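Here it is: the structure, laid out below.
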Amino acid sequence: WISAQIFQVLWTFIFAQDLILPSMLAMAGIYASLALVVRALLRVERETGVFSAAPGAWALCHLPFLVHFAWISCASLINANVVMRAGLLPLETQLAAAS
């Protein structure tokens, strides 16, 4: 989770400077970090059943990470679109991605 926050701070500064490709790399770091957190939470839930036994614990411990992961998934797709539209990829690649 700490690495996700570090990548989030990096992404903020990089994106503010309009550095398109580096911002995509920082976004990938956020995504990968949160994916590992969600995976670990799912493993804990499967092995212990702690979140099934206490729904409040699920809402406090699991839900915030799922919401952040969902948000970053959407933001990653938008950022990938910005990379394509910025002209960093050939027109043929942009058209192939659009279809």
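Every number here is computed from the coordinates shown, using simple stated rules; none is lab data. If you're wondering where the values come from, they're calculated on a predicted model, not measured in any experiment. Cβ atoms come from the backbone with ideal geometry, glycine included; neighbour counts cover every protein chain shown.
Per-residue ellipticity at 222 nm for the chain, helices alone: DSSP H runs ≥ 4 residues times -39500 (n - 2.57), over residue total, nearest 500 deg cm²/dmol? Show your work: numbers first, answer last.
Numbers: 6 runs with 84 residues, N = 99.
It lands at -27500 deg cm²/dmol.
Provide the gained length on full extension for the span residue 1 to residue 35, in nm with one decimal, where the gain is 0.36 nm per separating residue minus the Cα-Cα distance.
Values: separation 34, 0.36 × 34 = 12.24 nm, distance 0.97 nm.
So the extension gain works out to 11.3 nm.
Which one is right for this structure if semi-axes √(5λ) of the Cα gyration tensor in Å is calculated from it: (i) 32, 15, 13; (ii) 33, 15, 9; (iii) 30, 22, 13?
Only one option fits the structure, namely (ii).
Nothing charged except the Cβ atoms of Lys and Arg (+1) and of Asp and Glu (-1): what's the magnitude of the dipole of the range 2-98 about its Cα centre? Round to the nearest 20 debye.
On the way: 4 positive and 4 negative charges, 28 e Å.
Dipole about the Cα centre, nearest 20: 140 debye.
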